[in-house]
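Accompanying notes for the structure given below.
The values are calculated or read from the model by the stated rules, or taken from the named source; none is laboratory data. Keep in mind that this is a model prediction, so the values were computed, not measured. Positions of Cβ are backbone-derived with ideal geometry, glycine not excepted, and every protein chain shown enters the neighbour counts. Keep in mind that these areas ignore ligands, DNA and RNA; they rest on the heavy atoms of the full protein, side chains included. Shrake-Rupley method; radii C 1.70, N 1.55, O 1.52, S 1.80 Å.
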Amino acid sequence: MKKIAFALVLLTAFAGVSFAKDGNFGLGLIFGEPSGVSFKMWTGRTTAIDAAAAWSFVGGGYFQVHADLLFHNFNLFDVEKGDMALYYGFGGRVKMADETQVSLRVPVGLSYQFQDTSIEIFLEVVPMLDLAPSTEAGIAGGIGFRYFF
């Protein structure tokens, strides 16, 4: 019975992967301060939601999660192969350190999607405004990649 249940779980998992081959969901890594796991889901041709769970080991260390709504402009760059876009958006961050911080984010970046593959690379700069426990401006950035399923 356990083997049958295991086989059904595997079939269900692989059915989900084959269904997701339209490339709407990406999973990868982002490197910066902090670094972690990056997610992206396309909601339209030029809009997407991205998120990350990231860790820092600097200054006592902390964990953060963030999510952004992104808008992509694919018309600014003429590349021979693939797609390159300027993107911008807004979102929020929760940083869990000695004190929990809540911040607004305004990411601006470049993304390149390779032709004939499911790989995207990106570079972004993110101005932030901490709202709690105090109000303070900051900036973050990162470079990363995602594989789309």
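What the stretch 102-149 shows is 54 Å² of accessible area per residue, with the surface traced by a 1.4 Å probe over protein heavy atoms.
Counting Lys and Arg as +1 and Asp and Glu as -1, what is the net charge of the other residues whose Cβ lies under 14 Å from the Cβ of residue 125? Each step should come with its number before you reach the end.
Numbers: positive: 105; negative: 33, 68, 124.
Charge balance near residue 125 sits at -2.
Protein heavy-atom surface of the chain, 1.4 angstrom probe: 69% of the accessible area is carbon and sulfur, with nucleic acids and ligands not counted.
Rounded to the nearest 500 deg cm²/dmol, what is the calculated helix-only ellipticity per residue at 222 nm for the chain, with -39500 (n - 2.57) per DSSP H run of length n ≥ 4? Could you put the intermediate results ahead of the total?
On the way: 1 runs with 18 residues, N = 149.
Per the formula, -4000 deg cm²/dmol.
Measuring nothing but how far apart in sequence close Cα pairs (under 8 Å, 6+ apart) lie, relative to its length, the chain scores a relative contact order of 20 percent.
Explain nothing, just the number: dipole magnitude of the chain about its Cα centre with +1 on each Lys and Arg Cβ and -1 on each Asp and Glu Cβ, in debye rounded to the nearest 20.
Details: 10 positive and 14 negative charges, 140 e Å.
Dipole magnitude for the chain comes out near 680 debye.
Applying 1/(1 + (r/R0)^6) with r as the Cβ-Cβ distance of residue 118 and residue 39 and R0 = 22 angstrom yields a FRET efficiency of 0.95. If the segment from residue 65 to residue 132 were pulled out straight at 0.36 nm per residue, it would be longer than the present Cα-Cα gap by 22.6 nm.
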